[in-house]
Amino acid sequence: MLQSKVAYKTYKENPSDEEARNAILLIKAGFVEKVSSGIYNLLPLGLRVIQKIENIIREELNKIGCQELLLTNLHPKEYWEKTGRWQKFDVLFKTQSQTGSEYSLAPTHEEIIFPLVKKLISSYKDLPIALYQIHTKYRDELRVKSGLLRNREFIMKDLYSFHRNNEEVEKFKKIVDKVYLKIFKRCGLDAIETYASGGTFSPFSTEFQVPTPAGEDTIYYCSNCRIAWNKEIMKERKCKQCKKELQELKTIEVGNTFNLGTKFSEAFDVRYIDKDNKEKLVYAGCYGIGVTRLMGAIVEVYNDEKGIIWPEEVAPFKVHLISIYLKDEKKNQKIKKISYELYEKLNKENIEVLFDERENVSPGEKLVESDLIGIPYKIVIGENYLKYKKFDFKKRNWKYYKQINLAQLLKILK
């Protein structure tokens, strides 16, 4: 993509109304635009990152037999009254139609998916089934000072699984827990499985926490066992498995998995007929990943004083190609020709490239902006190429450029 055609704007100064590093950098680099407290627009660069994250999630969930759907975000009041959460859910946005009907804007989807599943299943042969969506959520949060980590409107992946008994739920939950670690790893994050308080049907739920000084949560971590406990459920500071002293870490929660048991099946009378022709309640689990929160967490972990440093799988582009023009017009024509030829070559090789072909922007401004945007690989074509017939090449987190030829460049990028 030509950079002159991208709808974005970068800023030299930090936004005055943001404290969180993730929001400061995403706004300055032109990935998001703040509308109001806890509400952001995703600009084209930001949406490309979100789409990369979503595709990783889809790939990994589809491998274990999950099916994607899309549920309504406008929830009739009576669905929430059936679960007793119309009054109890403290961050529920409520609205009323012109006919007087009352609705909530979806903060979560149990109240919608359980009535749906009731229509989809009747026999034990219909189970298990796992359904997920990637959709917008709305929560009337009071605390929204953490950038994209806690919003009033955000994108979330929620997965629900339905089973014949509690053992099946726990078995599937372990599979999802492993898949979650793989998803976060592909996004560049070493998430820690963390035990948190559970519900009626399981002593623990699982949180996936990413260590960072900017984190809102506190966990006690065992480096020996690679597991942790949320501070809220721990009475002692020793590992429950190896008895080693636990390390206290500040973290960001990027996902969680819960055993719901029959709680919502009871509310909506979701049952199946077993092999003995007896009617039984359906057991369920739910599994969430905050997609926009995940983007914010990645930026909190991957940045320096110059800007963002995107991990390769979630970066908006793989390569930032930059033409550095001189005062000599003949040299500039050569630089332009070489730059466009390389741009076409990279596109033919299916390498995603952002090409800064702009002629009215100074070299210094281009390079500063490139560091701020944080694309993994940078190729600079200027006077050095004219002298040595080699490209100036560097990874975003390298201090210095290397000079390499086309064959070396393509080998690295492939």
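Where a number appears in this text, it was derived from the coordinates with a stated rule and is not lab data. Owing to the predicted nature of the structure, the values given are computational and were not obtained by experimental measurement. Neighbour counts are summed over all protein chains in view; Cβ atoms, including those assigned to glycine, are modelled from backbone coordinates with ideal geometry.
Tabulated values for the structure
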{"item": "Positive dipole terminus of the chain, leading residue within I335, Y388, M1 (C-beta point charges)", "result": "Y388"}
{"item": "Neighbour-count order for H320, H135, H163, fewest beta carbons within 10 angstrom listed first", "result": "H135, H163, H320"}
{"item": "Euclidean distance between Cα centres, the stretch 108-130 to the stretch 305-364, Å", "result": "50 Å"}
{"item": "Estimated vicinal HN-Hα couplings, Hz - the stretch 48-61 in sequence order (Karplus 6.51, -1.76, 1.60; Gly, Pro = x)", "result": "4, 5, 4, 5, 5, 4, 4, 5, 4, 4, 4, 4, 6, 6"}
{"item": "Under 15 Å from K390, Cα to Cα: aspartates and glutamates that are on another chain or at least 8 residues apart", "result": "E341"}
{"item": "Label-point separation, N397 to C225 (7 Å along Cα→Cβ), nm", "result": "3.0 nm"}
{"item": "Most mobile listed residue (A196, A267, A29) in the chain, GNM with C-alpha springs under 10 Å", "result": "A267"}
{"item": "Given charges at beta-carbon only (K, R positive; D, E negative), |dipole| of the stretch 135-294 in Debye", "result": "420 debye"}
{"item": "Residues D190, D177 arranged by fewest to most Cβ contacts within 10 Å", "result": "D190, D177"}
{"item": "Average projected area [Cα convex hull, the stretch 1-157], square nanometres", "result": "13.0 nm²"}
{"item": "Estimated FRET transfer efficiency (E167, D17; beta-carbon r; R0 60 Å; 0.05)", "result": "0.75"}
{"item": "Note, ³J(HN,Hα) from phi for the stretch 40-45, Karplus 6.51, -1.76, 1.60, rounded to Hz, x at Gly and Pro", "result": "10, 8, 8, 7, x, 5"}
{"item": "Cα gyration tensor category, rounded, prolate or oblate, for the stretch 122-269 with a/c compared to 1.5", "result": "oblate"}
{"item": "Cut-off 13 Å between beta-carbons: net charge of the residues surrounding Y160, Lys and Arg +1, Asp and Glu -1", "result": "0"}
{"item": "Exposure proxy order (Cβ contacts within 10 Å, fewest to most) of W80, W86", "result": "W86, W80"}
{"item": "Among [x] 24.9; [y] 20.6; [z] 18.1, the entry that matches mean projected area of the Cα convex hull in nm² as calculated here", "result": "[x]"}
{"item": "Selection of trypsin sites (Lys or Arg not before Pro), the stretch 128-231, meeting DSSP coil and at most 11 other Cβ within 10 Å", "result": "R143, R226"}
{"item": "For the chain, built as a Gaussian network whose Cα springs stay under 10 Å, the top-fluctuating residue of S36, S122, S104", "result": "S36"}
{"item": "Distance between the stretch 1-43 and the stretch 157-178 - C-alpha centres, whole angstrom", "result": "38 Å"}
